[in-house]
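Single-structure report; data block below.
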Amino acid sequence: MKRIERAVTFTPDQIAAYADASGDHNPIHLDADFARSVGLPGIIAHGMLQMGILAGVAAEAAGGAHRLHRLYCRFAGMVEPGDTVTFAAEDAGPGKIALSAVNQRGEAVLTKASAEYRSS
Amino acid sequence: MVEPDRVAAFARAIGADPADGVPPTFAAVYAVEATGPQLFGDPEAEVDFARLLHADQEFEWERQPEPGETVTSQGRVASDISRRGMRFLTFEITTMAEDGSALCRSRTLFVIRS
């Protein structure tokens, strides 16, 4: 399995599109004033938006989404609009994939990320 | 129902090709969103959403649903622990096809800051 990498620069539009598509309209993802009022730096991307991109990278490494059996990650760091996150997948033994998501400062935003897949 | 239009919008939002079928993490919609209102509506699970953080997530799939397929999800509060001013709430959700076969198991940990 070759290493698969995808770099994504997050935008308010993408976060709003994910809110609409997923049904998660928590204002911490949409309203900067509200986000600051609860102690955040501003709006932040949904963890599940990040995990969705991670799943795409994992599926490509596995040879298709139909082969993915398990996916796990911990949401370890906040992702703000303008941040560029590099999502990567690499071989971790038979049926296993090691995953990572690192921002432009080298900080892991998803940790302990891994996937398992079937061979067919 | 796994709404085809919503699947396509979801795929585009995560940078996937809608032609590739239902994205695996669309389970966030048919499992977590489908059962969340009931699980959060549980008086024992009463939470302040502004202080809610999604801490981790695990999915296990037997297969991906087809666009247009009808699925049923059942969720439960697997654990609810308060420690050092933080509340740790775990939801476990099972999604089944119409014939009762398992499609997806989801495990979600939320942390609520005080």
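The values are calculated or read from the model by the stated rules, or taken from the named source; none is laboratory data. All values derive from a computational prediction rather than experimental measurement. All Cβ positions, glycine included, derive from the backbone under ideal geometry; neighbour counts span all protein chains shown.
Scanning the range A:50-73 for residues that are more than 7 Å from chain B (Cβ to nearest Cβ) and surrounded by fewer than 21 Cβ atoms within 10 Å (Cβ to Cβ), we see that the one that is nearest to the chain's Cα centre (by Cα) is A:60. Checked against (1) within 14 Å of chain A (Cβ to nearest Cβ); (2) assigned to a strand (DSSP E or B), residue B:40 passes all but a single condition, namely (2). The one condition from (1) modelled with pLDDT of 95 or more; (2) not in a strand (DSSP E or B) that residue B:50 does not meet is (1). Of all the listed residues (A:85, A:79, A:109, A:8), the sole one being of a type in the set (Val, Ile, Thr) and either surrounded by fewer than 16 Cβ atoms within 10 Å (Cβ to Cβ) or assigned to a loop (DSSP other than H, G, I, E, B) (or both) is A:79. If you go through the range B:1-37 and pick out every residue that is of a type in the set (D, E, K, R) and within 15 Å of residue A:64 (Cα to Cα), you end up with 2. Report yes if residue B:84 is at pLDDT 95 or above and surrounded by fewer than 18 Cβ atoms within 10 Å (Cβ to Cβ), otherwise no. Spelling it out, it is not the case that residue B:84 is at pLDDT 95 or above and surrounded by fewer than 18 Cβ atoms within 10 Å (Cβ to Cβ).
Out of the range A:11-31, which residues are crowded, with 20+ Cβ neighbours inside 10 Å, of a type outside the set (A, V, I, L, M), within 9 Å of another protein chain (Cβ to nearest Cβ) and over 16 Å from residue B:16 (Cβ atoms)? Once the filter is applied, which keeps residues that are crowded, with 20+ Cβ neighbours inside 10 Å, of a type outside the set (A, V, I, L, M), within 9 Å of another protein chain (Cβ to nearest Cβ) and over 16 Å from residue B:16 (Cβ atoms), the range A:11-31 yields only A:24.
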